[in-house]
Amino acid sequence: MLWDQAAGILRPEAAFGYDLEVFKEIGLRAGEGITGKVFAENAARLLNSPEEIAKAMDDIRPDNFQVVVRSLGVEELPKCTLAAPISVDSQKYGVLILETIEGPDIFTKADIPFVQTLADLIAMAIDRSRLTAKADSIRETREAERMRSELMAALSHELRLPLTAIKGYTTALLMDEVKWDPGKIIEFLQLIDAECDNMQVLLSDILD
């Protein structure tokens, strides 16, 4: 069972012996049932009698209990339950639960360290996966920022070229000390018009 931070509940991630499709309907709050208590306390629990299990599950919501019954296929409570928190340092990810439904064998205190080690390995795998995903996201963000920066630099360069040309031709035409012949004026105006067309095409490409 893993903690769904957005919903604020524990949800099944994997199961053996349960119908997982049915079991996925369950959602346990922190402190609810055995799983919720182990998650809230961040400490392993061994319950090796149906009476202990029933007492630990007396606060489970009826809808959740019915999901357990339907997914397991029997109404009997487990004979033994060993649950260990899945956590790394102060980061809690969920709970690993092992149960004895049938048969005489039950878990003992000697099994707790081994099951806790399994839970710790699961926690480390989850933690590494999430850190990797976070690192990938950071790299993608930095790459997007780099590409955006390069794009803006290229666009700035492309826009400056026609603007510089237009500015040069208009400044020349406005110089009082120079008397341009009509042919030269028309030539400059045609060049300005061509550069305006270039800018219009460039801006259209950017918007597209």
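The values are calculated or read from the model by the stated rules, or taken from the named source; none is laboratory data. Given the structure is predicted, the values throughout are model-derived calculations rather than measurements. Quick reminder, even Gly has a Cβ in these numbers, built from the backbone with ideal geometry, and neighbours come from all protein chains shown. Each accessible area value is taken on the protein alone, full model and side chains, heavy atoms only, with ligands, DNA and RNA left out. Shrake-Rupley method; radii C 1.70, N 1.55, O 1.52, S 1.80 Å.
Percent of C-alpha pairs per 5 Å bin in the stretch 102-208, short distances first: 2, 9, 10, 10, 8, 7, 6, 6, 5, 4, 4, 4, 4, 4, 4, 3, 3, 2, 2, 2, 1, 1, 0.
Other residues lying with their Cβ under 14 Å from the Cβ of Ala165 contribute a combined charge of -3, Lys and Arg counting +1, Asp and Glu -1. Of the residues Arg160, Arg146, Arg45, the one that moves most in a GNM of the chain with alpha-carbon contacts below 10 Å is Arg160.
The distance between label points at Lys109 and Val74 comes to 2.8 nm (points 7 Å beyond Cα on the Cα→Cβ vector). Whole-Hz Karplus values for the stretch 104-114 come out as x, 6, 10, 6, 10, 4, 5, 7, 4, x, 5 Hz, taken residue by residue from phi with 6.51 cos²θ - 1.76 cosθ + 1.60 and θ = phi - 60°; glycine and proline positions read x. Taking the chain as a Gaussian network of alpha-carbon nodes connected by springs under 10 Å, the highest mean-square fluctuation of the residues Val88, Val22, Val178 belongs to Val178. Annotation: amide H of Ser87 within the under-5 Å range of Tyr93, Ala123, sequence separation 5 or more or interchain, hydrogens built in the peptide plane. Summed over all non-identical Cα pairs, the Kirkwood treatment of the stretch 150-207 gives a radius of 12.5 Å.
If each residue of separation counts as 0.36 nm, what is the full-extension length gain between Asp193 and Asp120 once their alpha-carbon separation is subtracted?
Numbers: separation 73, 0.36 × 73 = 26.28 nm, distance 7.13 nm.
Length gained, Asp193 through Asp120: 19.2 nm.
Placing unit charges on the Cβ atoms only, positive for Lys and Arg and negative for Asp and Glu, gives the chain a dipole magnitude near 560 debye about its Cα centre.
Provide the per residue accessible area, probe 1.4 Å, for the stretch 61-147, rounded to a whole number of square angstrom.
Numbers: 5700 Å² over 87 residues.
Accessible surface, normalised per residue, equals 65 Å².
Which of rounded, prolate or oblate describes the stretch 1-82 when judged by the alpha-carbon gyration tensor and an a/c cut-off of 1.5? List each step's numbers first, then the result.
On the way: a/c = 1.57, a/b = 1.07, b/c = 1.48.
Taking the square roots of the gyration eigenvalues as a ≥ b ≥ c, the stretch 1-82 is oblate.
Split the accessible area of the stretch 48-164 by element, probe 1.4 Å, and carbon with sulfur accounts for 58%.
Could you order peptides 68-78, 190-200 by the average number of other Cβ atoms within 10 Å of their residues, highest first?
Highest-to-lowest ranking by the protection proxy: 68-78, 190-200.
With coordinates expressed along the principal axes, the C-alpha atoms belonging to the stretch 39-159 extend over 80, 33, 23 Å, beginning with the largest. Within the stretch 36-107, none of the chymotrypsin sites (Phe, Trp or Tyr not before Pro) combine a DSSP coil assignment with at most 12 other C-beta atoms in a 10 angstrom radius.
Note on Lys179: aspartates and glutamates with a C-alpha under 16 Å away, same-chain residues under 8 apart excluded, are Glu187. Out of every Cα-Cα pair that the chain contains, those further apart than 25 angstrom amount to 59 percent.
Would you mind checking Lys37/Lys134; Lys79/Lys134; Lys55/Lys92 for any pair whose Cα atoms are more than 31 angstrom apart? Walk me through the numbers on the way to the answer.
Details: Lys37/Lys134 29 Å; Lys79/Lys134 41 Å; Lys55/Lys92 24 Å.
Result: Lys79/Lys134 exceed 31 Å.
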